[in-house]
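Engineer: There's a structure below that I have some questions on.
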Amino acid sequence: MNPLRQGLLKERIPDAQVMIIFGGSGDLAKRKLLPALYTLARERLLPATFAIMGVARNEYENEDVYRNEMRQGCDTFARRRPVDDALWSGFARTMYYQSQEFDDPAAYKRLKARLEEIDKELGIPAHRLYYFATPPSTFPMIVEHLMGSKLVSRAYEPWTRTRVIVEKPFGRDLESAQALNRKLKQAFRESQIYRIDHYLGKETVQNMLAFRFGNGIFEPLWNQRHVEQVQITAAESVGVEGRGGYFEEAGILRDMVQNHLFQILCLTAMEPPVSLDSDSVRDEKVKLLRSLRPIVPERVDESVVRAQYAAGHVLGRHVPGYRQEPGVAPGSVRETYVALRLMIDNWRWGSVPFYLRTAKRMPKKVTDISIRFRDAPHLLFGAGDHRGQVPNVLTVRVQPDEGISLHFGSKIPGPAMELAPVNMEFRYGTSFGKEPPEAYERLILDAMLGESTLFIRDDETEASWQFITQVLQAWEAQGKREIPVYPAGAWGPEEADAMLAGAGHAWRQP
Amino acid sequence: MSAAELRQTILAGEAPVDPAAVDAAFSGLWRQAVERMGGANSHVVRACLWNLVAHVPVQAAPGEEPERVVRLLEQVIPAVPSRVIRLQTLPPSQAPAAGVEVQARVRTHCLPGPGVGGTVCAEEVDLSGYGAAGEFHFPALVRALRVPDLPMALLWLNALPREGTLLEQLIADSDRIVVDSHFLTGEGDLMRLLEVVRKARLSFADLGWMRLTPARYLIAKLFDPPGQAEKLQALEGIRVETTPDGRNEGVLLLGWLLSRCGYREFKAEAAPAGHRWRVRRGNRSFPVEMTTRGDFAGFDYDGILSLAIQAGNERYTLDQVDQEHVALDSPHHRHHKVALHGWEDSELVVAALGSGEADAVYGDALAVATGLMETEAWNR
């Protein structure tokens, strides 16, 4: 142990790194990864010795053309913009690019030589952080060639560690997820693999841990004795945005529920971890996923509603239906909306339904978690006309306008004893005077530091796929049949309302 | 939309500073600010995480710049919304009227709320005490004016007072104290700081120490490769060179290196220039030297100029080559030039208001540093 390191780790500045982005010229790199890295540089959270190597099929006349394209991405999408010229010139100086096919063994030899050159330029051998921002079908091939070229090592190297960040979708069912895990583990140890879900990088999602386990007043209420129901909504106002082909294959159950919504569900419902280290938190998430009551295939429609958007109006614009989107089959029955009623079979949540819904083309973009508490056992106020019955709802807004609000009843000023609903609000922007960092900033920094709490472990991804695969198989057993539709701009189909109405519940309007 | 800045003076009277009047003045100023900012953001959000009590020096001693503290706070507040209470002791001759011992001025600085509409307003109270009699009012006024149930941080970023009990009284009410050892250049100042650290049961941050962090990272990095950390147990010599005003940084760096490596016994030795000590542990001993150099013209810099560690027959060095770069040299880093990003003081204060964890490494470093300064070598 280096005694001079004591007390320094909390500073959160990683060791020397070279980040190799497969898919380095793609949309994700331009919109998210490079802007996040630039912002980290601007906030001086990158190591003094740092380089980026973009790897993709695109050909550029020279590396300056690549750098300029990435600068445009940063100018448009970085949280801290406009880009500072002086800072950019230093940042871009160690940005490199290599055009290659992902199945070309010679290209990986060239890549190895370039990385060794970069090490020399930087003056010291650096950690290597690979980022797979390519279609998932390429992951096994890239892993194979990285191994073949000895660009990765499973050995523990304190000075030149290799790590890999893997983008979603991580498989398309349980079997494919298991196969991908097996492939990755040929090249990396589990502790070197960082399966990314950018929802976990969102400040409000992380705040769920702080909110629940850092305060004494909420956790005693966080159980079936006090909570009546939980709703998690992830709504988007956009449609498939030119990704019709991808969406036809995936559907929103795979695209959103298996990863983002289940992660939010885990943090909302899991038991307190013994510590915040990565395995303690992830152990609890896996336990929660394994507690989900299995779906009975023949009765899947009672707890899962799927639907597809038809033409309608969103945010003042007329928008086409899903089947009219480019790349979508005219008779497609692919779901763009899914709502689930989940039951968690453990002592904490025994009788509490968790309603999850996510969809395209909803009235607005919003992600939130709302916990509705049980009513007071005896109604003192307005018992005759129910004007005293104000539901207590705690809402955690993940996006936009991150914050937390508590809805409760308060006496209306005046001579009568009447209650009206009021809100107690906490907003990140105003309480802390600054906007929270972008999810990718936090997650990339964590991966560089080797902190994996906010990444998904192999058994976690397999446990969530195990549940989702049951639903997929139940749908498959139903054969191709028409599914409900909802007009764009609505909160979903009637069938989803009916699913809740049976229990006397209703979807909230976020 | 522009930010609005408004001021109001709470006049002296029977109760010279009335907290209710201060709060009423803030409400009035915020209403004015909203009108001035155009009405699109029609509500004021009061964002407040800390009570920040800042001592503002008068221009009495070298390095004491009242404006520096004021400017610093202006940069800190957008990142850490707080009620700021600034304390300044002025000569009795500057009192607005005879018999006035203390006066408050309130100021609000409003900005559009980030992303959510509304106007976020800061609350700043300037307390001017006239003469020693005025200063006596400060502790009780701070207690009255602080926002309830929020922590209080005391920012004392200049030399420690030679007399009076103001610092001690304010510390007693504080949850955190932020100092800047760079300015504690008076004889015995660092020793007094150590006493404060030991006595205070509150979290503590020293901007002078925090400025060393980037260099500490790089120095630690020299000993990260396999087999290198062990060399620190076979130290053969340490030499530090600083700018003339960077002596405190130099001695803190030495304190850090020696305390981390378990060396706490030393005695002064004669040196042709600067300071020299012999450090001992068991049968091992080695020299430690510290010198200052003023002829490094060419870049604007204050602090550590170079560090050389001789250990286990190897040499490890760090040299400041220009304002933003250092050169590292070690068995694993041959003439390696790296960027050494310094931090703005406002960024350091924001960081100091972050985690409240006690920094045991600092406590150890300061104890050894003050030990070195207590030897006769320091004042030669």
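Engineer: Let me confirm something: among A:84, A:15, which residue is of a type in the set (D, E, K, R), within 14 Å of another protein chain (Cβ to nearest Cβ) and touching a Pro at 6+ places or on another chain (Cβ under 7 Å)?
Structural biologist: Details: A:84 fails: touching a Pro at 6+ places or on another chain (Cβ under 7 Å).
Criteria check complete, one pass: A:15.
Engineer: Let me ask something additional. Among the numbered criteria (1) surrounded by 20 or more Cβ atoms within 10 Å (Cβ to Cβ); (2) away from chain B (no Cβ under 14 Å), which single criterion is violated by residue A:72?
Structural biologist: Going through the list (1) surrounded by 20 or more Cβ atoms within 10 Å (Cβ to Cβ); (2) away from chain B (no Cβ under 14 Å), residue A:72 breaks only (1).
Engineer: Can you pull out the residues in the stretch B:164-210 that are among the charged types (D, E, K, R) and touching a helix residue (DSSP H, G or I) at 6+ places or on another chain (Cβ under 7 Å)?
Structural biologist: Here is the first cut: in the stretch B:164-210, the ones among the charged types (D, E, K, R) are B:168, B:173, B:175-176, B:180, B:187, B:189, B:192, B:195, B:198-199, B:201, B:206.
B:173, B:180, B:206 - these are the residues of the stretch B:164-210 that are among the charged types (D, E, K, R) and touching a helix residue (DSSP H, G or I) at 6+ places or on another chain (Cβ under 7 Å).
Engineer: Please work out which one of (1) of a type in the set (Phe, Trp, Tyr); (2) modelled with pLDDT of 95 or more; (3) part of a helix (DSSP H, G or I) is the condition residue A:97 fails and give its number.
Structural biologist: (3)
Engineer: Does residue B:361 satisfy the condition of being in a helix (DSSP H, G or I) and more than 19 Å from residue B:207 (Cβ to Cβ)?
Structural biologist: On the way: in a helix (DSSP H, G or I): yes; more than 19 Å from residue B:207 (Cβ to Cβ): no.
No.
Engineer: Continuing with this model, one more query. Name, by its number, the condition in (1) assigned to a helix (DSSP H, G or I); (2) out of contact with any Lys or Arg (no Cβ under 9 Å at 6 or more places or on another chain) that does not hold for residue A:55.
Structural biologist: (1)
Engineer: What's the number of the only condition in (1) outside any helix (DSSP H, G or I); (2) within 28 Å of residue B:210 (Cβ to Cβ); (3) touching a Pro at 6+ places or on another chain (Cβ under 8 Å) that residue B:89 fails to meet?
Structural biologist: (3)
Engineer: In addition: Do we find a residue being within 14 Å of chain A (Cβ to nearest Cβ), under 30 Å from residue B:352 (Cα atoms) and in contact (Cβ under 8 Å) with a residue 24 or more places away in the chain anywhere in the stretch B:225-245?
Structural biologist: First, the residues of the stretch B:225-245 that are within 14 Å of chain A (Cβ to nearest Cβ): B:225-235, B:238.
Narrowing the set further to residues that are under 30 Å from residue B:352 (Cα atoms) leaves B:229, B:232, B:238.
The next check asks that each one be in contact (Cβ under 8 Å) with a residue 24 or more places away in the chain; those that pass are B:232, B:238.
Scanning the stretch B:225-245, I find at least one residue that is within 14 Å of chain A (Cβ to nearest Cβ), under 30 Å from residue B:352 (Cα atoms) and in contact (Cβ under 8 Å) with a residue 24 or more places away in the chain, so the answer is yes.
Engineer: Of all residues being more than 17 Å from residue B:304 (Cα to Cα) and not polar (S, T, N, Q) in the stretch B:322-343, which is nearest to the other protein chains (Cβ to nearest Cβ)? Just the residue, please. Steps first, please.
Structural biologist: Pass one, the stretch B:322-343, residues more than 17 Å from residue B:304 (Cα to Cα): B:330-336.
Restricting the remaining residues to those that are not polar (S, T, N, Q) gives B:331-336.
Numbers: B:331: 12, B:332: 7, B:333: 6, B:334: 8, B:335: 8, B:336: 4 Å.
Checked the stretch B:322-343; the qualifying residue nearest to the other protein chains (Cβ to nearest Cβ) is B:336.
Engineer: May I pose another question? Return yes or no: is residue A:43 over 20 Å from residue A:161 (Cα atoms), among the acidic types (Asp, Glu) and more than 14 Å from chain B (Cβ to nearest Cβ)?
Structural biologist: Values: over 20 Å from residue A:161 (Cα atoms): yes; among the acidic types (Asp, Glu): yes; more than 14 Å from chain B (Cβ to nearest Cβ): no.
Criteria not met by residue A:43.
Engineer: A further question on this structure: So which of A:331, A:350 ends up being touching a Lys or Arg at 6+ places or on another chain (Cβ under 8 Å) and loosely packed, with under 15 Cβ neighbours inside 10 Å? So that I can check it myself, show each step before the final result.
Structural biologist: Values: A:350 fails: touching a Lys or Arg at 6+ places or on another chain (Cβ under 8 Å).
Sole residue among the options that is touching a Lys or Arg at 6+ places or on another chain (Cβ under 8 Å) and loosely packed, with under 15 Cβ neighbours inside 10 Å: A:331.
Engineer: Which one of these does residue A:65 not meet: (1) outside any strand (DSSP E or B); (2) surrounded by 14 or more Cβ atoms within 10 Å (Cβ to Cβ); (3) more than 14 Å from chain B (Cβ to nearest Cβ)?
Structural biologist: Looking at each condition in turn, residue A:65 falls short on (2).
Engineer: Run down A:60, A:38 and say which single residue is within 30 Å of the chain's Cα centre (by Cα) and either surrounded by fewer than 21 Cβ atoms within 10 Å (Cβ to Cβ) or not charged (D, E, K, R) (or both).
Structural biologist: Values: A:60 fails: within 30 Å of the chain's Cα centre (by Cα).
Sole residue among the options that is within 30 Å of the chain's Cα centre (by Cα) and either surrounded by fewer than 21 Cβ atoms within 10 Å (Cβ to Cβ) or not charged (D, E, K, R) (or both): A:38.
Engineer: Any chance the stretch A:101-113 includes a residue that's in a helix (DSSP H, G or I) and either of a type in the set (Asp, Glu) or closer than 30 Å to residue B:329 by Cβ (or both)?
Structural biologist: We begin by selecting, within the stretch A:101-113, every residue in a helix (DSSP H, G or I); these are A:105-113.
Narrowing further to those that are either of a type in the set (Asp, Glu) or closer than 30 Å to residue B:329 by Cβ (or both): A:112-113.
Yes, some residue in the stretch A:101-113 is in a helix (DSSP H, G or I) and either of a type in the set (Asp, Glu) or closer than 30 Å to residue B:329 by Cβ (or both).
Engineer: Which condition does residue A:426 not pass, out of (1) without any contact (Cβ under 8 Å) to a residue 40 or more places away in the chain; (2) in a loop (DSSP other than H, G, I, E, B); (3) within 14 Å of chain B (Cβ to nearest Cβ); (4) not hydroxyl-bearing (Ser, Thr, Tyr), if it passes all the others?
Structural biologist: The failed condition is (2).
Engineer: Restricting to the stretch A:475-505, give me the number of residues that are out of contact with any Gly (no Cβ under 6 Å at 6 or more places or on another chain) and either farther than 23 Å from residue A:296 by Cα or among the β-branched types (Val, Ile, Thr) (or both).
Structural biologist: Pass one, the stretch A:475-505, residues out of contact with any Gly (no Cβ under 6 Å at 6 or more places or on another chain): A:475-485, A:490-505.
Retained after the next criterion (residues that are either farther than 23 Å from residue A:296 by Cα or among the β-branched types (Val, Ile, Thr) (or both)): A:483, A:485, A:490-492.
Residues flagged as out of contact with any Gly (no Cβ under 6 Å at 6 or more places or on another chain) and either farther than 23 Å from residue A:296 by Cα or among the β-branched types (Val, Ile, Thr) (or both) within the stretch A:475-505 amount to 5.
Engineer: May I ask you to say which residue of B:72, B:90 is at pLDDT 80 or above, of a type outside the set (Ser, Thr, Tyr) and more than 25 Å from residue B:150 (Cα to Cα)? Outline the logic, then answer.
Structural biologist: Details: B:72 fails: more than 25 Å from residue B:150 (Cα to Cα).
Among B:72, B:90, only B:90 is at pLDDT 80 or above, of a type outside the set (Ser, Thr, Tyr) and more than 25 Å from residue B:150 (Cα to Cα).
Engineer: In the stretch A:196-207, is there at least one residue being surrounded by fewer than 22 Cβ atoms within 10 Å (Cβ to Cβ), more than 17 Å from the chain's Cα centre (by Cα) and farther than 18 Å from residue A:136 by Cβ?
Structural biologist: Narrowing the stretch A:196-207 to residues surrounded by fewer than 22 Cβ atoms within 10 Å (Cβ to Cβ): A:198, A:203, A:206-207.
From what's left, more than 17 Å from the chain's Cα centre (by Cα): none.
No.
Engineer: Same structure, new question: Please work out which one of (1) of a type outside the set (A, V, I, L, M); (2) in a strand (DSSP E or B); (3) touching a residue at least 12 places away in the same chain (Cβ under 8 Å); (4) surrounded by fewer than 21 Cβ atoms within 10 Å (Cβ to Cβ) is the condition residue B:294 fails and give its number.
Structural biologist: Going through (1) of a type outside the set (A, V, I, L, M); (2) in a strand (DSSP E or B); (3) touching a residue at least 12 places away in the same chain (Cβ under 8 Å); (4) surrounded by fewer than 21 Cβ atoms within 10 Å (Cβ to Cβ) one by one, residue B:294 breaks only (2).
Engineer: Check whether at least one residue in the stretch A:50-58 is within 14 Å of another protein chain (Cβ to nearest Cβ), touching a His at 6+ places or on another chain (Cβ under 8 Å) and in contact (Cβ under 8 Å) with a residue 60 or more places away in the chain, and report yes or no.
Structural biologist: Quick first cut of the stretch A:50-58, residues within 14 Å of another protein chain (Cβ to nearest Cβ) only: A:50-51.
Narrowing the set further to residues that are touching a His at 6+ places or on another chain (Cβ under 8 Å) leaves none.
So far as the stretch A:50-58 goes, no, none of its residues is within 14 Å of another protein chain (Cβ to nearest Cβ), touching a His at 6+ places or on another chain (Cβ under 8 Å) and in contact (Cβ under 8 Å) with a residue 60 or more places away in the chain.
Engineer: Oh, and also: Can you find even one residue in the stretch B:211-223 that is out of contact with any His (no Cβ under 6 Å at 6 or more places or on another chain), over 22 Å from residue B:322 (Cα atoms), within 14 Å of chain A (Cβ to nearest Cβ) and at pLDDT 80 or above?
Structural biologist: Yes, because at least one residue in the stretch B:211-223 is out of contact with any His (no Cβ under 6 Å at 6 or more places or on another chain), over 22 Å from residue B:322 (Cα atoms), within 14 Å of chain A (Cβ to nearest Cβ) and at pLDDT 80 or above.
Engineer: Also: Run residue A:35 past the list (1) more than 11 Å from chain B (Cβ to nearest Cβ); (2) touching a strand residue (DSSP E or B) at 6+ places or on another chain (Cβ under 9 Å); (3) not charged (D, E, K, R) and report the number of the one that doesn't hold.
Structural biologist: Of everything listed in (1) more than 11 Å from chain B (Cβ to nearest Cβ); (2) touching a strand residue (DSSP E or B) at 6+ places or on another chain (Cβ under 9 Å); (3) not charged (D, E, K, R), residue A:35 misses just condition (2).
Engineer: Another question, then. Quickly run through the stretch A:202-229 and pick out the residues that are more than 23 Å from residue A:274 (Cβ to Cβ), touching a Phe, Trp or Tyr at 6+ places or on another chain (Cβ under 9 Å) and modelled with pLDDT under 90.
Structural biologist: A:203, A:204
Engineer: When the stretch B:247-273 is examined, which residues are found to be in contact (Cβ under 8 Å) with a residue 40 or more places away in the chain, more than 14 Å from every other protein chain (Cβ to nearest Cβ) and part of a loop (DSSP other than H, G, I, E, B)?
Structural biologist: Result: B:269, B:271.
Engineer: Looking only at the stretch A:118-130, decide whether some residue is assigned to a helix (DSSP H, G or I), of a type in the set (Lys, Arg) and surrounded by fewer than 17 Cβ atoms within 10 Å (Cβ to Cβ). Before the answer, list the steps.
Structural biologist: Kept after step one, since they are assigned to a helix (DSSP H, G or I), are these residues of the stretch A:118-130: A:118-122.
Add one more test, that the residue is of a type in the set (Lys, Arg), and what stays is A:120.
Next, from what is left, pick out any that are surrounded by fewer than 17 Cβ atoms within 10 Å (Cβ to Cβ): A:120.
Looking for residues that are assigned to a helix (DSSP H, G or I), of a type in the set (Lys, Arg) and surrounded by fewer than 17 Cβ atoms within 10 Å (Cβ to Cβ), one finds at least one in the stretch A:118-130, hence yes.
Engineer: Still on this model: Please state which of the following conditions residue B:322 fails to meet, knowing it meets all the rest: (1) surrounded by fewer than 18 Cβ atoms within 10 Å (Cβ to Cβ); (2) closer than 30 Å to residue A:122 by Cβ; (3) touching a helix residue (DSSP H, G or I) at 6+ places or on another chain (Cβ under 6 Å).
Structural biologist: Condition (3) is where residue B:322 drops out.
Engineer: Scan the stretch A:192-242 for residues that are of a type in the set (Gly, Ala, Ser) and part of a strand (DSSP E or B) and jot them down.
Structural biologist: Our first condition is that a residue be of a type in the set (Gly, Ala, Ser); within the stretch A:192-242, this holds for A:201, A:210, A:214, A:216, A:234-235, A:237, A:239, A:242.
Residues satisfying the conditions are A:234, A:235.
The values are calculated or read from the model by the stated rules, or taken from the named source; none is laboratory data. Values in this document were obtained by computation on a predicted structure and should not be read as measured data. Cβ atoms come from the backbone with ideal geometry, glycine included; neighbour counts cover every protein chain shown.
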